[in-house]
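First comes the structure, then the notes that go with it.
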Amino acid sequence: MTAKANKEKSCLNCKAIYFGDKCPKCGETPASESFKGRVHIFDAEKSELAENMSINKEGEFAIKSK
Ligand SMILES: [Zn+2]
């Protein structure tokens, strides 16, 4: 195993879960590696969950991050 451990993070701005240096959804860098739960939003416009979480994009999001 030579792959570098690239930890999953959750964007503190839009809650998106991602790998890498900055959030691919909103371009912000503040992120947390300690997040709880995850949801996959397939259709943000029709998803009640997305609405409750103020998410307007498809993708994976953390339910709680700090
Ligand atoms: Zn973001």
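The values are calculated or read from the model by the stated rules, or taken from the named source; none is laboratory data. Keep in mind it's a predicted model, so treat the numbers as computed, not measured. Reconstructed Cβ throughout: ideal geometry from the backbone, glycine too, with neighbour counts over all protein chains shown.
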**Item:** Lone qualifier among 62, 44, 50 - being modelled with pLDDT under 95, surrounded by 15 or more Cβ atoms within 10 Å (Cβ to Cβ) and either within 10 Å of the ligand (Cβ to nearest atom) or not in a loop (DSSP other than H, G, I, E, B) (or both)
**Value:** 50
**Asked** If you take the residues in region 21-37 that are within 12 Å of the ligand (Cβ to nearest atom) and hydrophobic (A, V, I, L, M, F, W, C), which one is nearest to residue 64 (Cα to Cα)?
**Response** 31
**Asked** Among the residues of region 5-23, how many are surrounded by 12 or more Cβ atoms within 10 Å (Cβ to Cβ) and in a loop (DSSP other than H, G, I, E, B)?
**Response** 7
